[in-house]
Amino acid sequence: MSATKIVLLGAPGAGKGTQAAVLAEAIGIPHVSTGDMLRAAVAAETPVGLKAKAVMDAGHLVGDDIVIAIARERLAEGDAQKGFILDGFPRTLAQAEALDELLPRIGSGIDCCLAITVQTEAIVKRLLARAEIEGRADDNEETIRERMRVYDDQTAPLLDYYRGQSLLREVPGMGSVEEVSSAILAELEAA
Ligand code: AP5
Ligand code: MG
C-alpha cells in the first residue's frame, strides 16, 4: 500500500473514527483523532480541556491555534513518522494550510484525502443511537445539527482544497462498516 499519510474527511457521524480504527490496524499506522485528544483533555481538566469544553459542548470548533498545536505535537512523535490517519483534522482551511507547512518537516506531504460521503438524516439517527451507548456530551439532536452546520460552513471547503491538489478520493459511507472499509482500502490501493 503506497498511501500512509492519510486525511479522513467527513461530516459528524460519517464514520471517520470507526474507519480510522480499521485502517490503523490494517496498515499498521497510528490513528490520530483531535476529537479524542480534546475529549481526553476535557476529562483530565487540563488548561486546554477547560478552555475547549464549552466550545465542544456547543458543537463549535475549538480555536485553530489550540488544535494545530495539539496536532503538531502528536505528529512529531516517533510512531507517526512512517504515516498516520488523521481523523477530524484538518477542519478549517487554516488548519489544512498549517498541516501542509508542518508535514515537510516530518518527511513528505499527505498522500491522500479520503472523504466519506453520507446522508444527513441517516447520520442524525446514528449519532442519537451512539448517544445511548457512549453518552458523548455533543450527541444530542440540537448539537448534532449545529455540528453539521459547522461542517458545511467550515470543513466542506476542504473538499475543494484537496481536489485542487489532486489528493481527494470520495467513498460512499452508507454501507456496512465492512463495505465502507473495503471501498476505502480499494481507493488507497489506487492512490
Ligand atoms: P470529533 O470527535 O472529530 O467529532 P465529529 O467530527 O463530530 O465526528 P464523530 O466523532 O461524531 O463521528 P465520526 O465521523 O468519527 O463517526 P463514528 O465512526 O464515530 O469532534 C468533536 C468536537 O471536537 C468538534 O465538534 C470540535 O468541537 C472539536 N474538534 C475536534 N477536532 C477539531 C479540529 N480539528 N478543529 C476544531 N475543533 C475540533 O460513527 C458514528 C456512529 O455511527 C458510531 O456509533 C458508529 O458505531 C456508527 N457507524 C459508523 N459507521 C457505520 C456504518 N457504516 N453503518 C452503521 N453505523 C455506523
Ligand atoms: Mg469520531
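The values are calculated or read from the model by the stated rules, or taken from the named source; none is laboratory data. What you are looking at is a predicted structure, and each value in this text was computed from that prediction instead of being measured. Note that we place each Cβ from the backbone using ideal geometry, even for glycine, and neighbour counts take in every protein chain shown. To get the accessible areas, we keep the full protein, side chains included, count just its heavy atoms, and leave off ligands, DNA and RNA. Shrake-Rupley method; radii C 1.70, N 1.55, O 1.52, S 1.80 Å.
Summary table
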read-out: Cβ pairs under 7 Å, 6+ apart, first in segment 160-179 and in contact (Cβ under 8 Å) with a residue 24 or more places away in the chain, second part of a helix (DSSP H, G or I) and near ligand 1 (Cβ under 7 Å from one of its atoms); value: V171/V180; G173/V180; V177/T18
read-out: Test: residue in segment 101-124 that is within 8 Å of ligand 1 (Cβ to nearest atom), out of contact with any strand residue (DSSP E or B) (no Cβ under 7 Å at 6 or more places or on another chain) and at pLDDT below 95; value: yes
read-out: Qualifying residue in segment 39-48 (condition: within 18 Å of T155 (Cα to Cα) and within 13 Å of ligand 2 (Cβ to nearest atom)); value: no
read-out: Matching residues in segment 122-155 - criterion: being under 30 Å from S2 (Cα atoms) and either open to solvent by 70 Å² or more (accessible area, probe 1.4 Å) or without any contact (Cβ under 8 Å) to a residue 12 or more places away in the chain (or both); value: Q154
read-out: Residue selected from segment 11-27 under the condition more than 9 Å from ligand 2 (Cβ to nearest atom) and crowded, with 18+ Cβ neighbours inside 10 Å, by the criterion farthest from K82 (Cα to Cα); value: A11
read-out: Pairs, first without any contact (Cβ under 8 Å) to a residue 12 or more places away in the chain in segment 12-29, second more than 8 Å from ligand 2 (Cβ to nearest atom) and open to solvent by 40 Å² or more (accessible area, probe 1.4 Å), C-beta under 6 Å, six or more apart; value: A21/H31
read-out: Qualifying residue in segment 63-76 (condition: more than 15 Å from ligand 2 (Cβ to nearest atom), surrounded by fewer than 14 Cβ atoms within 10 Å (Cβ to Cβ) and in contact (Cβ under 8 Å) with a residue 24 or more places away in the chain); value: yes
read-out: Members of segment 28-38 found to be touching a helix residue (DSSP H, G or I) at 6+ places or on another chain (Cβ under 9 Å) and either open to solvent by 70 Å² or more (accessible area, probe 1.4 Å) or away from ligand 1 (no atom under 11 Å from the Cβ) (or both), listed by number; value: I29, P30, D36
read-out: From the options K5, K51, residue that is surrounded by 21 or more Cβ atoms within 10 Å (Cβ to Cβ), charged (D, E, K, R) and more than 15 Å from ligand 2 (Cβ to nearest atom); value: K5
read-out: G107 vs. criteria out of contact with any Leu (no Cβ under 7 Å at 6 or more places or on another chain), surrounded by fewer than 16 Cβ atoms within 10 Å (Cβ to Cβ) and at positive phi; value: yes
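Yes or no, residue by residue, for (1) over 12 Å from the mean Cα position of the chain (by Cα); (2) more than 25 Å from L93 (Cα to Cα):
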site: P12; (1), (2): no, no
site: K16; (1), (2): no, no
site: Q19; (1), (2): no, no
site: E25; (1), (2): yes, yes
site: V32; (1), (2): no, no
site: L38; (1), (2): yes, no
site: A44; (1), (2): yes, yes
site: G59; (1), (2): yes, no
site: G63; (1), (2): yes, no
